[in-house]
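A short write-up of the structure that comes next.
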Amino acid sequence: MTDTRLDWCPPSCDAVTLLPAGRHWDAVRTDAATARWTFPILCGPHDCAAIVDPYTCSTYWLLPPGEAQDFVHWQRLHPHVAVLPAKPGTHYVGIPPTHRRTGPGLHWYVPHNWSGRYLTEPAYLAAALTPAVYAAHGPHTTAQQCALCERPLPEADAVIVTTRRNSTDPTPHPLKAHPACACTARQRDSR
């Protein structure tokens, strides 16, 4: 069974087409260093094409419309990864013709074992971008995240709570969390 959410294809033309983010797809932008580390990770049955812009040293991955904004993981990877605004008409991306696979201008990066898709799953892309940001920019570039809600967690705000991450955990563990998340976990555990 194929996932029809991933069926979008670029317009058939010989020139770059400017399209708004949020209508046909959402877009995630990375810097060139992060992209170089990401490309080898994105392989296998979920691989997808990416747009490379050598003029701005940016790479764009396209995701099903409406799905990028709901994924909290992107916040941890800022400023090396950015979700473009999902409101149609607020941010445009140049879409190269499908046959343009090399520079010097805007072109598609197509993995060796390409699936034929131009859109990718947000969770799959985020899982590939996390180690790529770490490798390209160092261990202190990704924000720590709350063990309970997975949103960014500034070190100054972190508290340690001994709890189960979820109800299926067999034993409680010490976890770093937001104070509000720790309070909620304590209340849940006392029931």
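The condition of being at negative phi and open to solvent by 50 Å² or more (accessible area, probe 1.4 Å) holds for only one of Pro122, Pro104, Pro97, that being Pro104.
Any residue at all in region 137-151 that's in a helix (DSSP H, G or I) and out of contact with any strand residue (DSSP E or B) (no Cβ under 8 Å at 6 or more places or on another chain)? Yes: region 137-151 contains one or more residues that are in a helix (DSSP H, G or I) and out of contact with any strand residue (DSSP E or B) (no Cβ under 8 Å at 6 or more places or on another chain). When region 72-103 is limited to residues that are of a type in the set (A, V, I, L, M, F, W, C) and part of a helix (DSSP H, G or I), the one that is modelled with the highest pLDDT turns out to be Leu77. When Cys183 is tested against the conditions (1) out of contact with any helix residue (DSSP H, G or I) (no Cβ under 8 Å at 6 or more places or on another chain); (2) part of a helix (DSSP H, G or I); (3) surrounded by 14 or more Cβ atoms within 10 Å (Cβ to Cβ), the lone failure is (3). Residue count for region 139-172, restricted to those that are open to solvent by less than 40 Å² (accessible area, probe 1.4 Å) and modelled with pLDDT of 85 or more: 2. Number of residues in region 15-46 that are among the aliphatic types (A, V, I, L, M), within 19 Å of Tyr124 (Cα to Cα) and either open to solvent by less than 10 Å² (accessible area, probe 1.4 Å) or in a loop (DSSP other than H, G, I, E, B) (or both): the value is 4.
Residues in region 47-62 that are assigned to a loop (DSSP other than H, G, I, E, B) and open to solvent by less than 30 Å² (accessible area, probe 1.4 Å) were compared, and the one that is farthest from Thr98 (Cα to Cα) is Asp47.
The values are calculated or read from the model by the stated rules, or taken from the named source; none is laboratory data. Keep in mind the model is a prediction, meaning the values are calculated, not measured. Note that we place each Cβ from the backbone using ideal geometry, even for glycine, and neighbour counts take in every protein chain shown. The accessibility values were calculated without ligands, DNA or RNA, using every heavy atom of the protein model including side chains. Shrake-Rupley method; radii C 1.70, N 1.55, O 1.52, S 1.80 Å.
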